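Some notes on the structure that comes next.
Nothing in this text is a laboratory measurement; each read-out follows from the coordinates by a stated rule. The shown structure was predicted, so the numbers you read here are calculated from the model rather than taken from an experiment. Glycine gets a Cβ as well: all are built from the backbone with ideal geometry, and neighbour counts include every protein chain shown.
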Amino acid sequence: MGIEETFRVIEIFESLQGEGANTGMPVVFLRLAGCNLACPWCDTDQSKFEMLTANQVIEQITAFNVKAVIVTGGEPTIHTGLEEVLTRLKGRGYWLGLETNGMERPPLTWVGLFDYVAVSPKAMFSPLYDDDQMIGEADEVRIVVDGDVGEFCREIRNRIKAAYYFLSPCERGGEFNIKETIELLGQLNAGHRSGRWLLSLQTHKLAGFR
Ligand code: SF4
């Protein structure tokens, strides 16, 4: 018998989706450790995790009543063996969402397993986003305004096809750069009769929950 595959899990908890088009949706978050980027304002402590088997992950998720899971990180797409967990949850009727930085397309074994994909490309790593590797389609794109990201937003809008495009204020030390974000929304939406870019607030942080 081979060694059972394990996953680096930071936490599994029930909450409400705090950002993007699904804000307010009750979900269980599966937060995995490890990322292929290193954003200076990252709020995930990648060093604290436990190794869980697929059975343990599923046991913890199904202990909650909510039948929706958002897989987040860290960066989930680096956890290539996760399809077993995803397939088993899907088989039990779970809605599955993925949060990714979009630098690498999800593994082919994940195709058709996610009901919703949110991509948050990071402007400071724009040279690493390669059309041959990066995700090209998603349900929503969310870009954090961590500087002058206008050009990056215009570029990403052409490179990732999505139903929604959001700007998200950057939080540093409890402060959000909301004014800068709204001004950039104004620039990106100028000349368009409807808002092509929308605002996404990290409402979970504003409301003080996880
Ligand atoms: S991509 Fe996300 S998880 Fe990775 S370092 Fe940046 S903020 Fe953190």
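By the count of other C-beta atoms within 10 Å, a proxy for reagent exposure, THR87, THR181 are ordered fewest to most as THR87, THR181.
Fewest-first ordering of PHE152, PHE166, PHE125 by other beta carbons within 10 Å of each residue's beta carbon gives PHE125, PHE152, PHE166. Inter-label distance, ALA163 to MET124: 3.2 nm, where each label sits 7 Å from its Cα along the C-beta direction. Extension gain for PHE209 to PHE13 (0.36 nm times residue separation, less C-alpha to C-alpha distance): 69.4 nm. Scattering from the chain was approximated by placing one identical point on each alpha carbon and applying the Debye formula without solvent; log10 I(q)/I(0) at 0.10, 0.16 1/Å stands at -0.43, -1.11.
With R₀ set to 45 Å, the beta-carbon distance separating ILE182 from GLN60 gives a calculated FRET efficiency near 0.70.
For the residue pairs LYS67/LYS205; LYS122/LYS161; LYS48/LYS179; LYS67/LYS161; LYS179/LYS205, the C-alpha atoms sit more than 25 angstrom apart in LYS48/LYS179; LYS67/LYS161.
Summarising the strand pairing of region 6-207, around 35 percent of its internal DSSP beta bridges are antiparallel.
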